[in-house]
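One structure below.
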Amino acid sequence: MNADRDDFEKRLDALKARVASAQREEAKEPDRTRGVAGMAQAFRLSSEFIAGILVGAGLGWAIDYFAGTGPWGLIIFLLLGFGAGILNVLRATDPAYVDKFGLGPDRQPEHTTDGADAASNERRK
């Protein structure tokens, strides 16, 4: 009986040593997912910014084309698109804006029985 217990203790100690060794090896390796997540966020933010500028420029060009106002519609709406792009980037990166509606990176809206989420029900009150 004691021999079985001693054998078990030896195997348990060996397993603990292997786990500790594996954890040390894992800690030595750089976290590659952090770089990928940062790149994904950079692409998202840059596309938000560029989309705002392109939409503004497109609207300005269309107004100039149909109204014959020269470059003024393009210039004004390009500047408005630039401002909208900056606002979109600020909204996407501001944690206070994200938390205002109860949507953190690891949280989803709580749905109620009427199909609306809890945040919209709070805004209705």
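The values are calculated or read from the model by the stated rules, or taken from the named source; none is laboratory data. Please read these numbers as outputs of a predicted model, since none were measured by experiment. Counting neighbours? That spans all protein chains shown, and the Cβs are built from the backbone with ideal geometry, glycine included.
Somewhere in region 52-60, is a residue in contact (Cβ under 8 Å) with a residue 40 or more places away in the chain, assigned to a helix (DSSP H, G or I) and aliphatic (A, V, I, L, M)?
no
Being of a type in the set (S, T, N, Q) and surrounded by 15 or more Cβ atoms within 10 Å (Cβ to Cβ) is the filter here, so list the residues in region 56-96 that pass it. Outline the logic, then answer.
Initially, region 56-96 is screened for residues of a type in the set (S, T, N, Q), giving 69, 88, 93.
Within region 56-96, Asn88 is the sole residue that qualifies.
When you go through Arg5, Arg44 one by one, which is the residue that is basic (Lys, Arg) and over 30 Å from Ala92 (Cβ atoms)?
Values: Arg44 fails: over 30 Å from Ala92 (Cβ atoms).
Being basic (Lys, Arg) and over 30 Å from Ala92 (Cβ atoms) holds for just one of Arg5, Arg44, which is Arg5.
For region 30-42, state whether one or more residues are modelled with pLDDT under 90, loosely packed, with under 13 Cβ neighbours inside 10 Å and not in a helix (DSSP H, G or I). Quick ask: steps written out before the conclusion?
Filtering region 30-42 down to residues modelled with pLDDT under 90 leaves 30-42.
Now drop any that are not loosely packed, with under 13 Cβ neighbours inside 10 Å, which leaves 30-42.
Next cut, not in a helix (DSSP H, G or I) only: 30-31.
Within region 30-42, one or more residues are modelled with pLDDT under 90, loosely packed, with under 13 Cβ neighbours inside 10 Å and not in a helix (DSSP H, G or I).
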